[in-house]
Structure formats: structure tokens, C-alpha cells
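Here is the structure we will look at.
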Amino acid sequence: MLKKSSLALGGAALFLAWNGLLLLFLWSRPGGVPGAQSPQGPESSRLLPAQLLQLAQDAEAELRLQRDLLLQIQKFGRSQRQKTPSPPRSASAAEPELPVIPVLVLACDRSSVRRCLDKILRYRPSARRFPVIVSQDCGHAETARVIASYGPAVAHIRQPDLSDIAVPPEHRKFQGYYRISRHYRWALGQVFRTFRYRAAIVVEDDLEVAPDFFEYFQAVFPLLRRDPSLWCISAWNDNGKEAMVDAGHAELLYRTDFFPGLGWLLLAELWDELEPKWPPAFWDDWMRQPEQRRGRSCVRPEVSRTMTFGRKGVSHGQFFDQYLKFIKLNDRFVPFTQLDLSYLKKEEYERFFLQQVYSAPEIKIEELQKDAGRDSGAVRLQYRGRDSFKALAKALGLMDDLKSGVPRAGYRGIVSFVCRGRRVFLAPPSDWTGYDPSWS
């Protein structure tokens, strides 16, 4: 800063000195003082006005040049002061540079991608920090026109390989899942290999995002970078139906062993790990296998920050009518970046979460259904096997399927939800030792 100030002062001094020299030169020239007689005689006197005019024009041009130089020096000094932050009061108070995290939207043949893009562009706080990349498969012309209508607001890339995929005979009806997996691999490769981003938020073209979608991701992102026991951040709660969440506490976040997808953030380092073994189909269930998860968890919200409006798709509406269309989309802004999220660190989370779960009184489902609402305190329902879990989950309206033994939204086998206004933990015994992959 001292050097920059000295440069600005030096420029000003040069400007004043030059003007002073010009003035001295004008007054010291023969005839330079108005009204004086030129010693060179009458002929010289007749030339004097022309010489003075030329000299005045030259001086004026030089003054303009020096003024422009001074303005440039001043402008440079101001720009450097703006770029250089004030010294922090302490090392911990220094503001880290905010990362650039693109939003990768995977699209195919839904022209309703407009609904997805409109909300993303409306709610993102910065176009520079959250560029939008739409990767289109299928070659659907109408969808391509919709994406193109956004002009430079989005980057439109197209999957070049639209060929049929050879699949086992028993998987002919699953051709769509093979195409999706191929598209994911290509699109994520573009983001991390071609564009060289260090992280990305992945959404599909049938998702609508909440007003604090970006606030949520940018708040949890530093934790994902620091905590090796996490491998993703998800905007989705699999059991996030309106009657099963506490919408009044939309700031609540959880760790989950189940990979939720449906609006999720990953780091480039994870893609380095997954890309070489990326599966030909069913990529999301593949992510839920122990070989990929490797004991790691995701962060997920109490109230979902995405909702799906896409009943049409390769799954032919599986789960949509029963679960997905009832998912509650958060509608109030939570300032996550101003909250202390350190409780999500593994050791701290397990300490308070497990204590909360196993200190809650154990009751039977009949008691819960009969007495719900009388007492606002948390309670625990215990299951001891796969069939026990599935029966309780089905009776309570939870998603009852398991992937490699992991229940949806579960952490250490525990599923947290709300039943008739009361917090309930569907949990295994406290001596739980791990997931059984045969529970599928």
C-alpha cells in the first residue's frame, strides 16, 4: 500500500513540476511577457502572435496528456486499494476466497427444464460463483430450443454419443438407465476434466430448488472439504413428506449413510475416485454399495431444498405417486452461512445424536399412534431385523426399501422423522455393529 501511495504522489508531483516548467518557459522566452517589445525588430514582432498560439496549443496538449496520466495513476491506486483487503484483526478473521461451484443440470427430452432453470437463475446469488451448465442427452429438439432461449445465462453442452447401448437381454427394458449412466459419466467428465472445476452441484431437469438452495450448499461446502468422513452434500430428504418433517425448524441438518442424490454436491477428488470404475447402469444404487461409500456419509436437511415435478421418466413414476409428489419443499430462507454447523463433524454429531436417540423412551407403535400429540417429547421405536424395520416403516408411511442394508435417510441405522407432530427415532438396538448388505 505504501508503494502504491508513493506512486500516486510521485505522479502528482511530476504533473505539477511539468506545469511549472512550462509556465517558466513561457515567461522566460523573448516576448514571453505580454506587451514587451521583441529585440529582433518589427518582423519578429509580426511572427510573435503565431508563435505564441502554437506554443499555447502545444502546452495545452501537454497539459491534457499529463492530466490523463495523473488520472490513470489515481485510478490505479484506487483499484489496488479495493483489491487489497484491510489487514485482518486476527488470522481467524481473514475471509477465505469464495469458491466457484457450477450447477450441472442433466437434461434429456423434457422441455419443462425451463421450470428447473428459472428457479436456479432466480435464486443463485452470483452468476460468477455459480455458473450453470446444462448437459443435454437424447438430442430432443424442443428441449434444445428451450435451453438455447437462455442465451449466455447458461452454458449448453451436448452429449455426443446418442447411439444405442448393448445391454444384456434381461436388461432390454432398462436401456434408459444405461443411457443415463453414460450421460452422467460424460457430463461429470466435462465439468471436472474439460472445465477443471473443483466441485459441482448436480441436479436433473425435473427438480425445482428452494430459495435457500445455494445458501445451504455454500454453508456446508467447507465442512465437506475438511471432513474425510463426508463424501457429499444433498438437498434431499427421502422421508421429507410434509407431515413427516418439522417445517418450523428448517435449519436442522443431519448426517446420513444413505446416498440421497436429487440435488447433490461432490468434490473433484471424489470424481477422481469414481470415474475409473463408473458403472454402465443404475449409477445411484451403485453409489450406495459399501465398495463406493466406504463408510462415508452425506449431509441432508430436515426439509428438502429440492422437489421433483417429473413423474415422466425411465422409472415410469415409481415412488412418485406414493412418496415423491408429497415431498415438502422449503419455502423460507435460512441463513445457513451465519450458523455454526460444527455439530455436523462426525465425533461431535455422534456424541449428541446417539445420546438424543437412546435417551428417548422406547415405545410401541400402538402407543405412538394412540398417544401422538399429547407429549411433544422425542420417542424411540426399535427394530431388530430387516422384516421388523420394513413393517414399521410401512406402517408409519416411511420409504421402506433398503440399499445394501442402509435405510433411506438413515444414520447408523437410525431414521429420524416426525409423526403427528412428535419427533420419532426408528432405531436398531444401541449395540448396533453395522449394516448387513443382505438387507436389500
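The values are calculated or read from the model by the stated rules, or taken from the named source; none is laboratory data. Keep in mind it's a predicted model, so treat the numbers as computed, not measured. Because the Cβ atoms are built from the backbone with ideal geometry, glycine has one as well, and the counts that use them run over all protein chains shown. The accessibility values were calculated without ligands, DNA or RNA, using every heavy atom of the protein model including side chains. Shrake-Rupley method; radii C 1.70, N 1.55, O 1.52, S 1.80 Å.
Starting from the exponent 0.38 and prefactor 2.2 Å, build the expected Rg for region 103-328 from its residue count and divide its actual Cα Rg by it. Each step should come with its number before you reach the end.
Details: Rg = 16.9 Å, N = 226, 2.2 N^0.38 = 17.3 Å.
So the Cα radius of gyration is 0.98 times the expected 2.2 N^0.38 Å.
Counting DSSP beta bridges in region 360-427, what percent are antiparallel, to the nearest 5?
Working: 8 of 13 bridges.
Given both bridge residues lie in region 360-427, the antiparallel proportion sits at roughly 60 percent.
How do Asp238, Asp340 rank by accessible surface area computed with a 1.4 Å probe, from largest to smallest? Display every interim value, and only then the final one.
Values: Asp238 10, Asp340 115 Å².
Greatest to least solvent exposure: Asp340, Asp238.
Which one, Gly385, Ala395, Ile363, is farthest towards the positive end of the dipole of region 310-440 when Lys and Arg carry +1 and Asp and Glu -1 on their Cβ?
Of Gly385, Ala395, Ile363, it is Ala395.
So for Thr306, Thr433, what's the accessible-area order with a 1.4 Å probe, most first? Please list the in-between numbers first.
Numbers: Thr306 0, Thr433 135 Å².
Of Thr306, Thr433, the descending order of accessible area is Thr433, Thr306.
Just to be sure I understand the model, the point goes 7 Å from the Cα along the line to the Cβ. What's the resulting Phe282 to Lys364 distance in nm?
So the label points at Phe282 and Lys364 sit 3.8 nm apart.
Test of understanding: what is the full-extension gain from Glu350 to Asp164, defined as 0.36 nm times their sequence separation minus their Cα-Cα distance? Show your work: numbers first, answer last.
On the way: separation 186, 0.36 × 186 = 66.96 nm, distance 4.68 nm.
Residue separation times 0.36 nm, minus the Cα-Cα distance, leaves 62.3 nm.
Net charge within 11 Å of Gln159 by Cβ-Cβ distance, Lys/Arg positive one each and Asp/Glu negative one each, not counting Gln159 itself?
Working: positive: Arg158, Arg179, Arg182, Arg185; negative: Asp137, Asp161.
Residues near Gln159 contribute +2 overall.
Put a dot 7 Å past each Cα toward the Cβ at Arg172 and Leu223; how far apart are the dots in nm?
4.9
Could you work out how much longer the chain between Ser376 and His156 gets when fully extended? Use 0.36 nm per residue separation minus the Cα distance between them, nm to one decimal.
Values: separation 220, 0.36 × 220 = 79.20 nm, distance 4.99 nm.
Extending this stretch completely gives an extra 74.2 nm.
To the nearest 10 square angstrom, how much accessible area does Ile120 have with a 1.4 angstrom probe?
Ile120 exposes around 0 Å² with every protein chain in place.
Amide H of Tyr435 versus every other amide H placed in the peptide plane: which residues, excluding those fewer than 5 positions away on the same chain, fall under 5 Å?
none
Which pairs break 22 Å Cα to Cα here: Lys173/Lys390; Lys119/Lys328; Lys119/Lys403; Lys345/Lys403; Lys328/Lys394; Lys370/Lys403? Provide the component values of the computation, followed by the final result.
Details: Lys173/Lys390 28 Å; Lys119/Lys328 16 Å; Lys119/Lys403 31 Å; Lys345/Lys403 24 Å; Lys328/Lys394 19 Å; Lys370/Lys403 31 Å.
Violating the 22 Å limit, Cα to Cα: Lys173/Lys390; Lys119/Lys403; Lys345/Lys403; Lys370/Lys403.
In 5 Å bins starting at 0, how do the alpha-carbon pair distances of region 140-234 split up by percent?
Distribution as computed: 2, 9, 14, 18, 21, 16, 10, 7, 3, 0 percent.
First measure r as the distance between the Cβ atoms of Arg122 and Arg198, then evaluate 1/(1 + (r/R0)^6) with R0 = 25 Å and state the FRET efficiency to the nearest 0.05. It would help to have the intermediate numbers written out before the result.
On the way: r = 25 Å, r/R0 = 1.02.
It comes out at approximately 0.45.
Along the charge dipole of region 103-328, pointing to its positive end and built from +1/-1 on Cβ of Lys, Arg, Asp and Glu, which listed residue (Thr308, Tyr254, Ala155) has its Cα farthest out?
Of the listed residues, the answer is Ala155.
Nearest 5 percent is fine: what portion of the DSSP beta bridges confined to region 175-309 is antiparallel?
Numbers: 13 of 16 bridges.
Percentage antiparallel, nearest 5: 80.
Using a 1.4 angstrom probe and counting only protein chains, how large is the accessible area of Glu269 in Å², to 10?
Surface accessible to solvent at Glu269 totals approximately 100 Å².
How much accessible area does Asp205 have with a 1.4 Å probe, in Å² rounded to the nearest 10?
Ignoring ligands and nucleic acids, Asp205 comes out at about 10 Å².
Using only the heavy atoms of the protein chains and a 1.4 Å probe, how would Tyr184, Tyr123 rank by accessible area, largest first? Intermediate values should be presented prior to the final figure.
On the way: Tyr184 5, Tyr123 60 Å².
Ranked from most to least accessible, the order is Tyr123, Tyr184.
Which value in nm describes the separation of the simple spin-label points at Ala148 and Asp387, placed 7 Å from the Cα toward the beta carbon?
About 5.9 nm separates the two model spin labels.
In debye to the nearest 20, how big a dipole does region 103-328 give about its Cα centre with +1 on each Lys and Arg Cβ and -1 on each Asp and Glu Cβ?
My answer is approximately 460 debye.
Please report the net charge: other residues with Cβ closer than 13 Å to the Cβ of Arg288, K and R +1, D and E -1. Walk me through the numbers on the way to the answer.
Details: positive: Arg293, Arg294, Arg296, Lys403, Arg408; negative: Asp238, Asp257, Asp284, Asp285, Glu291, Asp401.
Result for the local shell: -1.
If you place +1 on the Cβ of every Lys and Arg and -1 on the Cβ of every Asp and Glu, how big does the dipole about the Cα centre of region 169-271 come out, in debye to the nearest 20? It would help to have the intermediate numbers written out before the result.
Working: 12 positive and 14 negative charges, 166 e Å.
Its charge dipole is roughly 800 debye.
Looking only at region 103-328, where both bridge partners belong to it, what percent of the DSSP beta bridges are antiparallel (to the nearest 5)? Please report the intermediate quantities before stating the final value.
Values: 14 of 30 bridges.
Percentage antiparallel, nearest 5: 45.
Name the residues whose placed amide hydrogens come within less than 5 Å of the amide hydrogen of Asp205, ignoring near sequence neighbours (fewer than 5 apart) on the same chain.
Amide H neighbours of Asp205, under 5 Å, 5+ apart: Leu106.
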